[in-house]
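Read the structure below first, then the notes.
The values are calculated or read from the model by the stated rules, or taken from the named source; none is laboratory data. This one's a predicted model, so the numbers in the text were calculated from it and none came from an experiment. Because the Cβ atoms are built from the backbone with ideal geometry, glycine has one as well, and the counts that use them run over all protein chains shown. Protein only, heavy atoms only, side chains kept; ligands, DNA and RNA dropped before computing areas. Shrake-Rupley method; radii C 1.70, N 1.55, O 1.52, S 1.80 Å.
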Amino acid sequence: MENDSKLQQSCWAYLPNVCLSHVFWWLDDRDRSRAALVCKRWNQAMYSGSLWRTRTITFSGRPSRSNTSEFESALWYVKRFGKYLEHLEIKFLNPYNAVLTRKFQVTMRGLLSRLGKCNSRLVSLTIQHLELDRLVWRNIIKNQFIKNLIIFLKRMGTHLVHLSLKGARVTLEEGCELLSSLSYLKNKSFASEINIEDFFSHHLSIYSSPLFHQTMSTFRNLVILTLNYNCISDELLDILCEHNAHSLWTINIKCHIHDPHGQVVWGMSWANLAKRAPKLKVNFFFERVMKHDSLARILLAEIPLRSISLRSCYFSDPDWSMRPTLTNLLPAYKHILQKLTLEFNNSHESLDEELLQLVLSCKKLFFLKIWAFLRVAFVERLLQNQAEGKCTLQTMKVRIYTNRYETIEEDRMLRDIFRRYRDLIDSELNYFVIAYPMM
């Protein structure tokens, strides 16, 4: 028994560093601290830089006993391991009142200050959904937080590659100052990925702002740019063409019904950018912008569109028709469209045939997601065309809306279809199809 115990201890004692680091990787902070007390070697393993390169710090926005520990844990981590940090994500979940936003601001001041002094490795920073235009953010708290963040970005701008401030909801001036801090002293920023979706407050016509255009002209190495359509203009596309055509791969554009989207953007501006940036792919995400006239003004034939998502969020309008979009607008991209997401309430019109013809015409389409009022036969026809090689889908997700609470008959028919095409589905498709009551 004693020999077995010694053998067991020796196995742990001579565990390779790679294996020991892997064990520590799966432990949370508390368990790592406890394990570090076992011996000197395990203590050294805890300070392995590979364990601390990526970090997600989450702050609850609701009053609770755990709030204090959350704030203290964040500061503890940065003080002890901040120098190893390369990828940092910070979440502040739905702040409940001004007291919590104040605690968050004070904690972030200490965290960013410490990190700015000890860290020279940070390449990615994500702080999403702050919604700084909410009333829980008193002006003095919000202004101080933005000031602290600007100071931090000025320090980190030389090596920060990825910045996401999605959902910050700041004013035009605040937003431009935050983005400009990345190019502090050099007047150039070489960040490659910027996410400013919902970055500015609602209802702002950013596309007409010279200040925004001046700010965006400082970026010289963009690979991925994510923003709202209320930022898009001929001027912005010309700036991207001049300074980022050599590197630009992807533009993700969100267009929301509450954001201004009536500006005129010429197809020639898109054509010039597409010519100068031949690898460019554009992804559009529409939320409740569904009318053909609005979409036709935005979706120009010159756009190198890879993916499009049209979502009505269950809203129904008897005066609105999806048919012109499916038959006249989207087929313009049949040679390049790869991903198609359609979620709409078409209870007033049948679109099975139009949807099927659109899918069959898009030869490069590999991802299809449709939530709509459809007949079950639509799924069978789609699978039959897949079996005949007329479409090459890899993902097929369909939610068939019905006007009845019970979907027993639809479920039975879908099971029969699945059994008939099971070999095809198992070998080729990420397949998910259900019937769903829409009452």
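Descriptive notes on the structure:
- Residue that is least open to solvent (accessible area, probe 1.4 Å) [pool: residues in region 127-143 that are of a type outside the set (A, V, I, L, M, F, W, C) and out of contact with any helix residue (DSSP H, G or I) (no Cβ under 6 Å at 6 or more places or on another chain)]: Lys142
- The residues on offer are Trp266, Trp270, and the sole one that is over 15 Å from Ser309 (Cα atoms), over 21 Å from the mean Cα position of the chain (by Cα) and surrounded by 17 or more Cβ atoms within 10 Å (Cβ to Cβ) is Trp270.
- Flag for Gly49 being surrounded by fewer than 16 Cβ atoms within 10 Å (Cβ to Cβ), at pLDDT below 85 and among the small types (Gly, Ala, Ser): yes
- Residue check for Glu380: modelled with pLDDT of 95 or more, under 24 Å from Ser309 (Cβ atoms) and open to solvent by 20 Å² or more (accessible area, probe 1.4 Å): no
- Looking only at residues of region 218-247 that are among the small types (Gly, Ala, Ser) and surrounded by fewer than 19 Cβ atoms within 10 Å (Cβ to Cβ), we find that the one that is farthest from Ile127 (Cα to Cα) is Ala245.
- Of all residue pairs spaced 6 or more apart or on separate chains, those with beta-carbon atoms under 7 Å, a first member in region 259-271 that is aliphatic (A, V, I, L, M) and in a loop (DSSP other than H, G, I, E, B) and a second member that is crowded, with 16+ Cβ neighbours inside 10 Å and at pLDDT 95 or above are Val265/Ile232; Val265/Ser233; Val265/Asp234.
- Val282 being open to solvent by less than 10 Å² (accessible area, probe 1.4 Å) and assigned to a loop (DSSP other than H, G, I, E, B): no
- Residue in region 323-342 that is touching a helix residue (DSSP H, G or I) at 6+ places or on another chain (Cβ under 7 Å), within 29 Å of Ala377 (Cα to Cα) and of a type in the set (Lys, Arg) present: yes
- Selection within region 187-222: residues that are under 21 Å from the mean Cα position of the chain (by Cα) and assigned to a strand (DSSP E or B). The member of this set that is farthest from Val264 (Cα to Cα) is Glu193.
- Restricting region 302-322 to residues that are at pLDDT 95 or above and not in a strand (DSSP E or B), the residue that is farthest from Ala271 (Cα to Cα): Pro304
- When residues in region 222-247 are screened for being over 14 Å from Phe212 (Cα atoms), of a type outside the set (S, T, N, Q) and touching a strand residue (DSSP E or B) at 6+ places or on another chain (Cβ under 7 Å), 5 of them pass.
- Every listed requirement among (1) outside any strand (DSSP E or B); (2) modelled with pLDDT of 90 or more is met by Ser120 save one, (2).
- Hey, Glu177 in a helix (DSSP H, G or I), surrounded by fewer than 17 Cβ atoms within 10 Å (Cβ to Cβ) and of a type outside the set (A, V, I, L, M, F, W, C) or not: no
- Ile425 being outside any loop (DSSP other than H, G, I, E, B), open to solvent by less than 20 Å² (accessible area, probe 1.4 Å) and out of contact with any strand residue (DSSP E or B) (no Cβ under 7 Å at 6 or more places or on another chain): no
- Hey, Tyr405 of a type in the set (Ser, Thr, Tyr) and either in contact with a Ser or Thr (Cβ under 9 Å, 6 or more places away or on another chain) or in a helix (DSSP H, G or I) (or both) or not: no
- Matching entry among Ile370, Ile308, Ile336 (being surrounded by fewer than 19 Cβ atoms within 10 Å (Cβ to Cβ) and hydrophobic (A, V, I, L, M, F, W, C)): Ile336
Quick grid of which residues meet (1) open to solvent by less than 40 Å² (accessible area, probe 1.4 Å); (2) among the polar types (S, T, N, Q); (3) closer than 21 Å to Ser164 by Cα:
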{"position": "Arg41", "(1), (2), (3)": "no, no, no"}
{"position": "Gln44", "(1), (2), (3)": "no, yes, no"}
{"position": "Phe71", "(1), (2), (3)": "yes, no, no"}
{"position": "Val78", "(1), (2), (3)": "yes, no, yes"}
{"position": "Gly82", "(1), (2), (3)": "yes, no, yes"}
{"position": "Val99", "(1), (2), (3)": "no, no, no"}
{"position": "Gly116", "(1), (2), (3)": "yes, no, yes"}
{"position": "Leu125", "(1), (2), (3)": "yes, no, yes"}
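- Some residue of region 339-348 being farther than 19 Å from Ile251 by Cβ, of a type in the set (Phe, Trp, Tyr), open to solvent by less than 10 Å² (accessible area, probe 1.4 Å) and under 25 Å from the mean Cα position of the chain (by Cα): yes
- Only listed residue being over 26 Å from the mean Cα position of the chain (by Cα) and more than 19 Å from Gln144 (Cα to Cα), chosen from Arg80, Arg114: Arg80
- Tally, over region 11-39, of residues that are basic (Lys, Arg) and open to solvent by 50 Å² or more (accessible area, probe 1.4 Å): 2
- Against the numbered list (1) crowded, with 19+ Cβ neighbours inside 10 Å; (2) farther than 20 Å from Tyr77 by Cα, Gly167 comes up short only at (1).
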